[in-house]
Amino acid sequence: MFRIRRVHDDSTATNRELIAQAQEILRAQLPDLRPEEVDKIPAQLHDPLSHRFRAVLFVAERSRGRVQGFALVLYATDLGFAYLEYVASAKSASGGGIGGVLYQRVREETAALGLHGLFFECLPDDPALSRESAVRAQNAARLRFYERFGARPIAGTAYETPLQPGGDNPPYLVFDDLGSEAPLRRAEAQAIVRTILERKYGDLCPPEYVQRVVASFRDDPVRLRPLRYRKEKSGEGAPVVPPRTRRIALVVNEKHDIHHVRERGYVQAPVRIASIRRELEKLDLFEPVAADHYPESHIRAVHDPDLVSYLKRACASLPAGKSVYPYVFPIRNQTRPPRELPLRAGYYCIDTFTPINRNAWPAALGAVDCALTAADCLLDLHRLAYALVRPPGHHAERRSFGGFCYFNSAAVAAHYLSAYGRVAVLDVDYHHGNGTQDIFYMSSEVLTVSIHGTPRLTYPYFSGFEDERGDGLGAGFNVNLPLPEGIDGARYRETLGRALRRVKEHRPRFLVLALGLDTARGDPTGSWTLGATDFTENGRLIGGLQLPTLVVQEGGYRTRSLGSNAAAFFRGLWAGANGS
């Protein structure tokens, strides 16, 4: 099995490595390609203005980090079309179906952007244009492959006129209508062809050649060559609108309910997840995705290894049904921890009401797996993903747990995504995400923004103040927007607008949203009065950022309205993300 990643630029070490591997595949598969054409790919990605196309690289990884194939797509959104520059598989992966999967993903992405269609060049299968039979057979195989999707050469034009008289293998211009069967009008085709020739081949095609080719498009609508290798399009050529990328990937921590404590007013009850899930099932917005399992190294990348090891050992050491609450906190002497693991809890916990027990470890691990799976969904072309998890995570700091949180799932996912581009974390839980702030306080790659109740009156009390703005490289990259008790939806949206403006300034590639529904009217842990219409509008505003967005569930404890408020939020998020 392999994953498809979207690479927008070469701003991170991970992206640069993926690009380099794609370039190696291109050199191996097209040895006659001019070296400068291969070398310019990073510049195409990070400098769209100079190259006059917005380029996106899609890479197929058989295992994480090893590229088995790629597609490079150029988008001319001003004219509403996409141009497929290359699609290629590694020689070791030939025949494995990677090319087909990549091409279908490119079709989905093109449809998701609302573009007219996908264009690309293919060498000819006509003996009059391709003299060598072996080369012609290869050309025919490629055209046969694209016919599976309904893509065919444009007929009756001079596009395949050689630049030099007598030249061999001038390319066809192939058009894929993405299964819509909408006609391609002449004026539209002429503008697109002129753009392709001038932007891609301006250094090769003289103006008179460009004008001659453009003028040769006389049919209206433009004619496509009849199917030559198949009697009809295969199922792969079916319409791709609405594309799967508009569905919200839903990853649920299915075993969250193993962790339930029936004592001391523990509000983190399993019914919370059931309440949300029941209402989401009424919406036609979600695509269920099973959670994968990820190495502990992702957790240790944001949490102190001593904390991770302690929780693993302490939870495993407790008998079933028994919970331990921290009650001794080392202020004077932190160098001599007690030998007994339960007594050592105060070294790692920030409060007296977050228990450790046998099921806390697997439940927290499952929540992280869900968040990482949802993050991979964003890298795998979903625009929206939701990790519906408990226990929550945003109170878990680098070396401490608390607030019902053991591992900071949102922070783990944000760190994971930061390998592919800049990330912003927006926390809209009623309580300050002290853990996320602590983990990224010195980072400029991950912006953290939190809207929460004033810490003078609200847990966790010791963090979330406006003057906490980050330190070192992270100075200015931590934003706290505390609000007083009793605010309504209108007042909240004023502050949300400030938060979203700061997110835009960061220019992130991904947004991680720590979703707390405890801002609702009547929540037992909050004091605000937001209702369903407020959640819808908040979701619409956040979706309007038009960013790949990972939503990670945090708080929310009024089960009577929890599900309906979640559904309202996601209706708004989906509408905003899709421009409606």
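Miscellaneous remarks
- Gyration tensor (alpha-carbon) shape descriptor, the stretch 98-158, a/c threshold 1.5: oblate
- Cα-based reach from Lys231 at 13 Å (exclusive), listing aspartates and glutamates while leaving out same-chain residues under 8 positions away: Glu147
- Förster radius 35 Å - calculated FRET efficiency between Val38 and Ala215 (Cβ-Cβ, nearest 0.05): 0.60
- The candidate values were (i) 3, 16, 25, 21, 15, 11, 6, 2, 0; (ii) 3, 11, 16, 17, 17, 14, 10, 6, 2, 1, 1, 1, 0, 0; (iii) 3, 16, 26, 28, 19, 7, 1, 0; the one computed from these coordinates for P(r) over Cα pairs in 10 Å bins from 0, in percent carries the label (i).
- Evaluating 6.51 cos²θ - 1.76 cosθ + 1.60 at θ = phi - 60° for every residue in the stretch 485-496, the Karplus couplings come out as 5, x, 6, 9, x, 5, 5, 4, 5, 4, 6, 4 Hz, glycine and proline recorded as x.
- Simple spin-label estimate for Thr161 and Arg278 gives 7.0 nm between the two label positions (7 Å along the Cα-to-Cβ direction from each Cα).
- Contact order normalised by residue count of the chain, Cα under 8 Å, 6+ apart, percent: 11 percent
- Distance from the stretch 481-546 to the stretch 25-52 (C-alpha centre basis), Å: 42 Å
- Global geometry of the stretch 428-580, whether rounded, prolate or oblate, following the gyration tensor of its Cα atoms and the 1.5 cut on a/c: oblate
- Taking the stretch 3-237 and dividing mean pair separation by its residue count, relative contact order in percent (alpha carbons under 8 Å, at least six apart): 16 percent
- Put simply, the amide H of Val7, placed in the peptide plane, has neighbours under 5 Å in Leu57, Phe58, Val59, leaving out anything fewer than 5 places away on its chain.
- As a length-normalised measure over Cα pairs under 8 Å and 6 or more apart, the relative contact order of the stretch 394-473 settles at 29 percent.
- The string of couplings for the stretch 431-436 from the Karplus curve (6.51, -1.76, 1.60, θ = phi - 60°) is 9, 4, x, 4, x, 5 Hz, one whole number per residue in order, with x for Gly and Pro.
- Modelled label reach - Glu485, point 7 Å along Cα→Cβ, the stretch 435-463 residues with backbone N closer than 20 Å: 451-463
- Amide proton proximity set for Val551, modelled H, under 5 Å, gap of 5+: Ala385, Tyr386, Ala387, Leu513
- A Förster radius of 56 Å, combined with the Cβ-Cβ distance separating Gln546 from Ser317, puts the computed FRET efficiency at roughly 0.70.
Quick note: the coordinates plus some simple rules give every number you see, no bench work behind them. Remember, it's a predicted structure, so these values are computed and weren't measured experimentally. For neighbour counting, all protein chains shown are included, and Cβ atoms are generated from backbone atoms with ideal geometry for every residue, glycine included.
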